[in-house]
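S.K.: My questions will all concern the structure given below.
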Amino acid sequence: MPIKHYKPTNKGRRLSSVQDFRDITRHEPERGLILAKMNKAGRTGGKITVRHQGGGEKRYIRIIDWNRSKYDIPARVATIEYDPNRGARLALLIYADGAKSYMIAPDDIKVGDSVVSSKTLGEIKSGNRFPLGLIPPGIPVYDLELTQGKGAQLVRGAGVSAVIMAVEGEYAQIKMPSGEIRLIPKNCMATIGQVSNPDWGLVRWGKAGRTRLRGIRPSVRGKVMNPVDHPHGGGEGKNPIGLKHPKTPWGKPALGVKTRKHKGSDKLILQRRISKKKKRQ
C-alpha cells in the first residue's frame, strides 16, 4: 500500500510517514484466533537478556496456520486484516467445512477470492499452496518450509518473495530475497505469490514516541560511555572507538562477524548472499 505523508505541522510530522490502510477490510481480529501477548520487556528472571526492549502498546497475537494442512478443501478470503506484530497483512480464511484460520496475505489477493492447499498441482495463482517440486520454475513463492510438515519458516516478511530456479532430484533450487541460492527438499510446501504490503520498509517513524509504542527502548552508543561500561568508551569529544574492529559491550567482535558455524545444512547453500559491504562497493 502507498505511504501517507502529512503537512509538517510539527517536528515529528515533518519527518514521519504512515501506512495507508485502505486495503484493510476489518479492524477487529477474529476472537477465536487470538492470544494475549505477554510483555517480557527483554528480561528473563528479572535480568535483562535482550537490551533496548520494553513497554509498548498492548497487542494480541494472531494465531496463523503456518501449515495450511486442510488439503484440497477450498477456502474463501473473508477479510484482509492488520497485524500489529508484523508488516504483512493477514487474510482470514473460511473453509468449505466452516473452519476459520489466518494466513499471510499475498500482495494481490482480494476479499472473495478462493485459495486452496494441496499435495497435487492445481491452479497457479496467488495464495494457493503446493509442494515446491510441482510449482513451475520462475514462479515467486513465500511461506517456505525447510522441513516437510513443520510449517512456513522462510520468506514471511512484508513485500518479500523467493523464486524457484530449478528442480533436480530430491531438491528444489531456490533464490532467496537476500540473494542466497539454496536447496530445499522438493516435498516442502510453499505459497504462490509475494507477501503483502511491500511499502512497509518505506515507513519513517519520525520520532522516538512512535518507536516506544513498538516496544523499542532507547539505545546508547558505546563510544559515549565510560571505559568501564563499554570497550568503545573513554576519550574526549567525538573520538573514534580506538580499536581495529567494533566490539560488543562484553568484548566480543561485532558488526559483520559470521555467527553461523559448522551447520550440517551448509552443504545445501549453493551461493551465499551478497554482503552489504560488497553491495556498497
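The values are calculated or read from the model by the stated rules, or taken from the named source; none is laboratory data. Every value quoted in this text rests on a predicted model; they were computed, and no experiment measured them. Methodologically, a virtual Cβ is constructed for each residue, glycine included, from the backbone with ideal geometry; neighbour enumeration extends over all protein chains shown. Remember, those area values only see protein heavy atoms, side chains included, never the ligands or the DNA or RNA. Shrake-Rupley method; radii C 1.70, N 1.55, O 1.52, S 1.80 Å.
S.K.: In region 1-22, what count of residues is obtained for those that are assigned to a loop (DSSP other than H, G, I, E, B), out of contact with any Asp or Glu (no Cβ under 8 Å at 6 or more places or on another chain) and either at pLDDT below 90 or open to solvent by 40 Å² or more (accessible area, probe 1.4 Å) (or both)?
M.R.: Total satisfying the criteria: 8.
S.K.: Please find, among G133, G138, G127, G122, the residue that is closer than 23 Å to P185 by Cα and in contact with a Lys or Arg (Cβ under 6 Å, 6 or more places away or on another chain). Reasoning before the result, please.
M.R.: Working: G138 fails: in contact with a Lys or Arg (Cβ under 6 Å, 6 or more places away or on another chain); G127 fails: in contact with a Lys or Arg (Cβ under 6 Å, 6 or more places away or on another chain); G122 fails: in contact with a Lys or Arg (Cβ under 6 Å, 6 or more places away or on another chain).
Only one candidate passes the filter, namely G133.
S.K.: Another question, if that's okay. Would you point out which residue out of L134, L90, L121 is aliphatic (A, V, I, L, M) and in contact with a helix residue (DSSP H, G or I) (Cβ under 7 Å, 6 or more places away or on another chain)?
M.R.: Numbers: L134 fails: in contact with a helix residue (DSSP H, G or I) (Cβ under 7 Å, 6 or more places away or on another chain); L90 fails: in contact with a helix residue (DSSP H, G or I) (Cβ under 7 Å, 6 or more places away or on another chain).
Checking each option against the conditions leaves just L121.
S.K.: Which condition breaks for R76 when tested against (1) open to solvent by 70 Å² or more (accessible area, probe 1.4 Å); (2) under 23 Å from L146 (Cα atoms); (3) not polar (S, T, N, Q)?
M.R.: So R76 meets the others, but not (2).
S.K.: Give G234, G169 a once-over and let me know the one that is among the small types (G, A, S) and either on the phi < 0 side of the Ramachandran plot or surrounded by 15 or more Cβ atoms within 10 Å (Cβ to Cβ) (or both).
M.R.: None of the others qualify; the one that does is G234.
S.K.: So in region 44-66, with the set limited to residues that are in a loop (DSSP other than H, G, I, E, B) and free of Cβ contacts under 8 Å to residues at least 40 places away in the same chain, which one is nearest to E145 (Cα to Cα)?
M.R.: Among them, the one singled out is D65.
S.K.: Can you tell me which of L146, L93 is outside any loop (DSSP other than H, G, I, E, B) and either farther than 14 Å from I192 by Cβ or of a type in the set (S, T, N, Q) (or both)?
M.R.: L93
S.K.: Moving on. In region 102-145, how many are of a type in the set (S, T, N, Q) and open to solvent by less than 10 Å² (accessible area, probe 1.4 Å)?
M.R.: The qualifying residues number 3.
S.K.: Restricting region 237-264 to residues that are out of contact with any Ser or Thr (no Cβ under 8 Å at 6 or more places or on another chain), hydrophobic (A, V, I, L, M, F, W, C) and at pLDDT 90 or above, which is most open to solvent (accessible area, probe 1.4 Å)?
M.R.: W250
S.K.: Looking only at residues that are without any contact (Cβ under 8 Å) to a residue 24 or more places away in the chain and open to solvent by 10 Å² or more (accessible area, probe 1.4 Å) in region 83-101, which one is nearest to E57 (Cα to Cα)?
M.R.: I94
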